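**Q** One structure follows; several queries about it will come next.
The values are calculated or read from the model by the stated rules, or taken from the named source; none is laboratory data. Fair warning: this is a prediction, and the values are worked out from it, not measured in the lab. Glycine gets a Cβ as well: all are built from the backbone with ideal geometry, and neighbour counts include every protein chain shown. With ligands, DNA and RNA removed, areas are computed over all heavy atoms of the protein, side chains included. Shrake-Rupley method; radii C 1.70, N 1.55, O 1.52, S 1.80 Å.
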Amino acid sequence: MSAYNPPVRDILFTMNEIGDLPGVLALPGHAEVAADLVETIVEEAGKFAAGALAPLNVVGDRQGNKWADGVVTTAPGVTAVYKDFVDNGWGALGANQDFGGQGMPHIVSLPVVELWTSANMAWSLCHILTLGAVMAIENHASEELKATYLPKMISGEWTGTMNLTEPQAGSDLAAIRTRAVPDGDVYRITGTKIFITWGEHDCADNIIHLVLARLPDAPPGVKGISLFIVPKFLVNADGTPGARNDLICSSIEHKLGIHGSPTAVMSFGDKDGATGYLVGEANRGLEYMFTMMNHARINVGLQGVAIAERAYQQARDYARDRVQGRPIGQQTGAAIVHHPDIKRMLLDMKARIEAMRAMVYYVAAQMDVAHGSEGGVAKTAAAIADLLTPVAKGWCTENGQIVASEGIQVHGGVGFIEETGAAQHLRDARITTIYEGTTGIQANDLVGRKIARDKGETAKGFVALMREILPQLTGPLAALGGGLTQGLDELEQAIAFVVARNAAEPAVTASGAVPLLHLFGVVTGGWLVARQALAAQAKTQAEGDPTGFYAAKIELARHYARHVLPHSRAYFIAMTEGSDTVTGFDVDQF
Ligand SMILES: Cc1cc2nc3c(=O)[nH]c(=O)nc-3n(C[C@H](O)[C@H](O)[C@H](O)COP(=O)(O)OP(=O)(O)OC[C@H]3O[C@@H](n4cnc5c(N)ncnc54)[C@H](O)[C@@H]3O)c2cc1C
């Protein structure tokens, strides 16, 4: 596997130009964060990612985790790197300062997570799941529970998990059966959870499971699910881990990818019932989980970006080295990077990455603005972040797979052979469209909650916002302007289609939901690469472009306009006219 080179300049460019870093840092609460500190953070994180995490990526993939009698042993080197991560304070970057965090905005902490994920996606999941658990506790638990768990989880000394899935309850969490019976001040939890990421491991002193379960008198369905903290070790009065709780990892899964991430079957309460602590109010667990799932979905969208970046770097480096055939117009053989088709694929990969990164950072910045502003500004930013969350999750992860697959194609046969490492990226990427809500579930959310519920008002407002850029797309960006105009028209019609048909014919709009998600993604991506190209033009004028960095941004936007954006047409047709074949499909006939 090739080395990982943290794309620090690309990251900082997108943070500034799309994530409006200066604007976010000017919001209340971030006054002490200087722009050059942010640069240092990204550079130093890049060094840790490349130097410590990336070399373990292949080790985790090949050696995986070992399970014996409920104990999970990670691959050699993993615990030591985790300790360094904690000792260097990386776990605390974006967390609340009241509990020992560094309070960085999302537009700073998220790009750093991109670095961890590119370097070693399987490993990064431990941190990402902990962040999600921290968020749920911080937003919904009592002060006592916060004081007990947050400082150690934020530092990374203890890790966190999300225990939602059960054999009969995956996409449909209403089917959850795990039970919680009151016992004095605590609850006795019994049940089995499957597919729990980093549910058991040897990196931390304690593992804090967040578990969805039902109280005996709970109403059926999603309104009867409560959220509990269920620690692996009960916490002593002095804050140290004490007695072992009644829970065990009964096995770990053998999977297609992310072998370095232990995926645990968790058994709660085989003896007397595991001790659990109710988070917030009873029966509001799913609602609480959703606050953290929105952030988790953005983090998974980011995994699409991160894995694509890693796959791209690997393919580019290989293409520069591999000599095969005679490029058109040359007398001698040369590296395959000179063949037009290889150039096309590399450009395609890179252009998609530009759009995907910009999308995730844009949503992160909207979350920061929503959090740090007031009135209409905060409301609009929150509405845009909500609207784009399923798009960023679904579209970026689907594209992550496209890019990882193209990376293999660039390699030719050796891409299919495990030694090169190109295959690992595709295997690792494959889960991202499944967990944290499949692409189908994201698309349902987009159609139902994000478009139909407010009769398309937020979505139409966002299209109008994107249209504002069109007059500026002239000269070398004229083709981008043309493609974007068409894509925005299609998107507007698709939104109108949902508003007109969803209530009366939900099966029609559901059939077109995933094509709509792609249409939304590809057009929003076009708008974002156009913004980056305009920023690159302005920067070139202001400071020159000795390395060609800005020229590349403009070329990639132009490539996107011709090779990626035109897919909007196909998605539009599938979404509108194409739904009849799906609704008419007789599942028993084939
Ligand atoms: C490696 C890995 C790690 C995971 N980590 C965690 C974790 O840490 N914690 C946790 O709780 N869970 C975790 N999961 C579980 C994951 O979130 C679920 O697998 C996922 O939500 C899908 O549920 P399911 O597997 O039951 O599939 P199903 O829900 O059975 O879905 C099967 C297919 O049907 C489609 N489908 C289902 N319902 C609908 C619908 N209403 N509309 C349209 N299409 C639909 C889906 O899109 C999918 O294509 C993990 C899973 C894996 C494989």
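**Q** Going residue by residue through the range 416-427, is there one that turns out to be assigned to a helix (DSSP H, G or I) and within 12 Å of the ligand (Cβ to nearest atom)?
**A** To start, the set of residues in the range 416-427 that are assigned to a helix (DSSP H, G or I) comprises 416, 418-420, 422-427.
Cutting the leftovers down to within 12 Å of the ligand (Cβ to nearest atom) gives us 427.
The answer is yes, given that some residue of the range 416-427 is assigned to a helix (DSSP H, G or I) and within 12 Å of the ligand (Cβ to nearest atom).
**Q** Determine if the range 498-506 includes at least one residue that is more than 16 Å from the ligand (Cβ to nearest atom) and closer than 16 Å to Ile573 by Cα. Steps first, please.
**A** We begin by selecting, within the range 498-506, every residue more than 16 Å from the ligand (Cβ to nearest atom); these are 499-501, 503-504.
When the remaining residues are screened for being closer than 16 Å to Ile573 by Cα, the result is 501.
Yes, some residue in the range 498-506 is more than 16 Å from the ligand (Cβ to nearest atom) and closer than 16 Å to Ile573 by Cα.
**Q** Still on this structure, please answer the following. So which residues in the range 177-186 are surrounded by fewer than 23 Cβ atoms within 10 Å (Cβ to Cβ) and either closer than 20 Å to Ala264 by Cα or within 16 Å of the ligand (Cβ to nearest atom) (or both), if there are any at all?
**A** In the first step, residues of the range 177-186 are kept if they are surrounded by fewer than 23 Cβ atoms within 10 Å (Cβ to Cβ); the result is 177, 179, 181-186.
Answer for the range 177-186, where residues must be surrounded by fewer than 23 Cβ atoms within 10 Å (Cβ to Cβ) and either closer than 20 Å to Ala264 by Cα or within 16 Å of the ligand (Cβ to nearest atom) (or both): Arg177, Arg179.
**Q** Please pick out the residue among Thr130, Thr148, Thr190 that is within 16 Å of the ligand (Cβ to nearest atom), of a type in the set (S, T, N, Q) and at negative phi. Walk me through how you get there before you give the answer.
**A** On the way: Thr148 fails: within 16 Å of the ligand (Cβ to nearest atom); Thr190 fails: within 16 Å of the ligand (Cβ to nearest atom).
From the options Thr130, Thr148, Thr190, the qualifying one is Thr130.
**Q** If you don't mind, another one. Ala308 - would you say it is touching a residue at least 12 places away in the same chain (Cβ under 8 Å), among the hydrophobic types (A, V, I, L, M, F, W, C) and farther than 30 Å from Thr161 by Cα? Show your work before the answer.
**A** Details: touching a residue at least 12 places away in the same chain (Cβ under 8 Å): yes; among the hydrophobic types (A, V, I, L, M, F, W, C): yes; farther than 30 Å from Thr161 by Cα: no.
No, not satisfied.
**Q** From the list Ala174, Ala218, pick out the single residue that is open to solvent by 10 Å² or more (accessible area, probe 1.4 Å), in contact (Cβ under 8 Å) with a residue 24 or more places away in the chain and either part of a helix (DSSP H, G or I) or within 16 Å of the ligand (Cβ to nearest atom) (or both). Talk me through it step by step, then tell me what you get.
**A** Working: Ala218 fails: either part of a helix (DSSP H, G or I) or within 16 Å of the ligand (Cβ to nearest atom) (or both).
After ruling out the rest, the residue left standing is Ala174.
**Q** Does Gln537 satisfy being in contact with a helix residue (DSSP H, G or I) (Cβ under 9 Å, 6 or more places away or on another chain) and under 16 Å from Met359 (Cβ atoms)? Give the derivation first.
**A** Values: in contact with a helix residue (DSSP H, G or I) (Cβ under 9 Å, 6 or more places away or on another chain): yes; under 16 Å from Met359 (Cβ atoms): no.
Judged against the criteria, Gln537 is not a match.
**Q** If we keep just the residues of the range 492-525 that are more than 15 Å from Ala392 (Cα to Cα) and of a type in the set (Ser, Thr, Tyr), which is surrounded by the most Cβ atoms within 10 Å (Cβ to Cβ)? Spell out how you get there, then give the answer.
**A** In the first step, residues of the range 492-525 are kept if they are more than 15 Å from Ala392 (Cα to Cα); the result is 492-512.
Add one more test, that the residue is of a type in the set (Ser, Thr, Tyr), and what stays is 509, 511.
Working: Thr509: 27, Ser511: 20.
Filtering the range 492-525 for residues that are more than 15 Å from Ala392 (Cα to Cα) and of a type in the set (Ser, Thr, Tyr), the one surrounded by the most Cβ atoms within 10 Å (Cβ to Cβ) comes out as Thr509.
**Q** Of the numbered conditions (1) modelled with pLDDT of 95 or more; (2) crowded, with 22+ Cβ neighbours inside 10 Å; (3) under 30 Å from Ala50 (Cα atoms); (4) within 12 Å of the ligand (Cβ to nearest atom), Met266 fails exactly one; give the number of that condition.
**A** The single condition Met266 does not satisfy is (3).
**Q** Another question, if that's okay. So is Ala383 surrounded by 24 or more Cβ atoms within 10 Å (Cβ to Cβ) and assigned to a helix (DSSP H, G or I) or not? Lay out the reasoning, then the answer.
**A** Working: surrounded by 24 or more Cβ atoms within 10 Å (Cβ to Cβ): no; assigned to a helix (DSSP H, G or I): yes.
Here the answer is no, as Ala383 does not meet what is asked.
Residues are listed down the side, and each one gets a yes or a no for (1) crowded, with 22+ Cβ neighbours inside 10 Å; (2) within 16 Å of Met356 (Cα to Cα); (3) of a type in the set (Phe, Trp, Tyr); (4) without any contact (Cβ under 8 Å) to a residue 24 or more places away in the chain:
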residue	(1), (2), (3), (4)
Ala561	yes, yes, no, no
Pro566	no, no, no, no
Arg569	no, no, no, no
Thr581	no, no, no, yes
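**Q** Moving to a separate point now. Report yes if some residue within the range 238-250 is within 16 Å of the ligand (Cβ to nearest atom), under 21 Å from Leu125 (Cα atoms) and open to solvent by 60 Å² or more (accessible area, probe 1.4 Å); otherwise report no. Step through it out loud before you land on a result.
**A** Here is the first cut: in the range 238-250, the ones within 16 Å of the ligand (Cβ to nearest atom) are 247, 249-250.
Applying the additional criterion that residues be under 21 Å from Leu125 (Cα atoms) yields 249-250.
Remaining after also requiring open to solvent by 60 Å² or more (accessible area, probe 1.4 Å): none.
Within the range 238-250, not a single residue is within 16 Å of the ligand (Cβ to nearest atom), under 21 Å from Leu125 (Cα atoms) and open to solvent by 60 Å² or more (accessible area, probe 1.4 Å).
**Q** Please go through the range 113-139 and pick out each residue that is out of contact with any Leu (no Cβ under 7 Å at 6 or more places or on another chain) and open to solvent by 20 Å² or more (accessible area, probe 1.4 Å).
**A** First pass over the range 113-139, keeping only residues out of contact with any Leu (no Cβ under 7 Å at 6 or more places or on another chain): 115, 118, 121-122, 124-132, 135, 139.
Within the range 113-139, Leu129, Leu131, Met135, Asn139 qualify.
**Q** Same structure, new question: Hey, any hits in the range 468-478 for a residue that's polar (S, T, N, Q), more than 16 Å from the ligand (Cβ to nearest atom) and under 20 Å from Asp317 (Cα atoms)? First the steps, then the outcome.
**A** Taking the range 468-478 as the starting set, the residues that turn out to be polar (S, T, N, Q) are 472, 474.
The next check asks that each one be more than 16 Å from the ligand (Cβ to nearest atom); those that pass are 472, 474.
The next check asks that each one be under 20 Å from Asp317 (Cα atoms); those that pass are none.
No: zero hits.
**Q** Can you list residue pairs whose Cβ atoms sit under 9 Å apart, with the first residue in the range 528-545 being in a helix (DSSP H, G or I) and the second being open to solvent by 40 Å² or more (accessible area, probe 1.4 Å) and of a type in the set (S, T, N, Q)? Count only pairs 6 or more apart in sequence or on different chains.
**A** Ala530/Gln472; Leu534/Gln472; Ala535/Asn16
**Q** Tally time: how many residues in the range 221-271 are acidic (Asp, Glu) and either assigned to a strand (DSSP E or B) or closer than 28 Å to Asn283 by Cα (or both)? Walk me through how you get there before you give the answer.
**A** Start the filter on the range 221-271 by keeping residues that are acidic (Asp, Glu), which leaves 238, 246, 253, 270.
From what is left, the residues that are either assigned to a strand (DSSP E or B) or closer than 28 Å to Asn283 by Cα (or both) are 246, 270.
Final tally of qualifying residues: 2.
**Q** Gly280 passes all but one of (1) in a loop (DSSP other than H, G, I, E, B); (2) without any contact (Cβ under 8 Å) to a residue 40 or more places away in the chain; which number fails?
**A** With (1) in a loop (DSSP other than H, G, I, E, B); (2) without any contact (Cβ under 8 Å) to a residue 40 or more places away in the chain applied to Gly280, the lone miss is (2).
**Q** Let me ask you something else. Going by what's in this entry, would Val463 be described as part of a helix (DSSP H, G or I), within 16 Å of the ligand (Cβ to nearest atom) and either surrounded by fewer than 16 Cβ atoms within 10 Å (Cβ to Cβ) or aliphatic (A, V, I, L, M) (or both)? Don't jump to the end; show me each part of the working.
**A** Numbers: part of a helix (DSSP H, G or I): yes; within 16 Å of the ligand (Cβ to nearest atom): no; either surrounded by fewer than 16 Cβ atoms within 10 Å (Cβ to Cβ) or aliphatic (A, V, I, L, M) (or both): yes.
So Val463 does not fit the description; no.
**Q** Could I ask something else about it? Tell me the residue from Gly440, Gly456 that is crowded, with 21+ Cβ neighbours inside 10 Å, within 27 Å of the chain's Cα centre (by Cα) and under 30 Å from Glu505 (Cα atoms), please. Write out each step before concluding.
**A** Values: Gly440 fails: crowded, with 21+ Cβ neighbours inside 10 Å.
Gly456 is the lone residue from the list that is crowded, with 21+ Cβ neighbours inside 10 Å, within 27 Å of the chain's Cα centre (by Cα) and under 30 Å from Glu505 (Cα atoms).
**Q** Also: Return the residue satisfying two criteria in turn: it lies in the range 193-214 and is open to solvent by 20 Å² or more (accessible area, probe 1.4 Å) and either in a loop (DSSP other than H, G, I, E, B) or more than 22 Å from Leu129 (Cα to Cα) (or both), and of such residues it is farthest from the ligand (Cβ to nearest atom).
**A** Asp205
**Q** Is the range 290-305 home to any residue that is within 14 Å of the ligand (Cβ to nearest atom), modelled with pLDDT of 95 or more and either in contact with an Asp or Glu (Cβ under 6 Å, 6 or more places away or on another chain) or among the aromatic types (Phe, Trp, Tyr) (or both)?
**A** Yes; the residues of the range 290-305 include at least one that is within 14 Å of the ligand (Cβ to nearest atom), modelled with pLDDT of 95 or more and either in contact with an Asp or Glu (Cβ under 6 Å, 6 or more places away or on another chain) or among the aromatic types (Phe, Trp, Tyr) (or both).
**Q** While we're looking at this one, here's another question. Count, please, the residues in the range 282-329 that happen to be among the hydrophobic types (A, V, I, L, M, F, W, C) and open to solvent by 50 Å² or more (accessible area, probe 1.4 Å). Steps first, answer last, please.
**A** From the range 282-329, those among the hydrophobic types (A, V, I, L, M, F, W, C) are 282, 286, 289-290, 292-293, 296, 298, 300, 302, 305-308, 311, 315, 319, 323, 328; that's our starting set.
After this cut, where a residue has to be open to solvent by 50 Å² or more (accessible area, probe 1.4 Å) as well, the list is 290, 323, 328.
Residues in the range 282-329 being among the hydrophobic types (A, V, I, L, M, F, W, C) and open to solvent by 50 Å² or more (accessible area, probe 1.4 Å): 3 in total.
**Q** Right, here's the next one. Any idea how many residues of the range 432-447 are more than 7 Å from the ligand (Cβ to nearest atom) and hydrophobic (A, V, I, L, M, F, W, C)?
**A** 3
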